[in-house]
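The values are calculated or read from the model by the stated rules, or taken from the named source; none is laboratory data. Please read all numbers here as calculations on a predicted model, not as lab measurements. Note that we place each Cβ from the backbone using ideal geometry, even for glycine, and neighbour counts take in every protein chain shown.
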Amino acid sequence: MPHDDLFCLRDLRVRIVTTGTDTVVPISRAVNVSVEQPQVVAMCKKHGAIISAIETLPSGGTRVVLMNSADAAKIIKAFGSKVLTGTVARTHWMRAV
């Protein structure tokens, strides 16, 4: 089995991203914002952030999952106060038959 140095160096318990200042922020790839999907798509395109998944939230707003936490940090900074914090209600996924 080949040795993977990158895998050995990763700490899978905590993900952190620097914000360009001295602060280090734990972050996930998912971001919930209080804007509609087209605005989220446009903002991601503007900042070169690649979307992995996107969904409309039942209470209004959008949940977007980016390809990496660095892109999520860019989008969080771009949307500022429009980022939803805490738990949000989501639509249950149903498989089409």
Checklist entry - Which of the residues belonging to the range 28-47 are in a loop (DSSP other than H, G, I, E, B) and modelled with pLDDT of 95 or more? => result 34, 35, 36
Checklist outcome for this item: Subset of the range 59-95, residues surrounded by fewer than 11 Cβ atoms within 10 Å (Cβ to Cβ) and either free of Cβ contacts under 8 Å to residues at least 24 places away in the same chain or of a type outside the set (Gly, Ala, Ser) (or both), comes to 80, 81, 85, 86, 87, 91, 92, 93, 94, 95
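Just checking, how many residues over the range 48-97 are among the basic types (Lys, Arg), farther than 11 Å from residue 33 by Cα and not in a helix (DSSP H, G or I)?
Taking the range 48-97 and keeping what is among the basic types (Lys, Arg), we get 63, 74, 77, 82, 90, 95.
Pick out the ones that are also farther than 11 Å from residue 33 by Cα and you get 74, 77, 90, 95.
Among the residues that remain, those that are also not in a helix (DSSP H, G or I) are: 90, 95.
Residues in the range 48-97 being among the basic types (Lys, Arg), farther than 11 Å from residue 33 by Cα and not in a helix (DSSP H, G or I): 2 in total.
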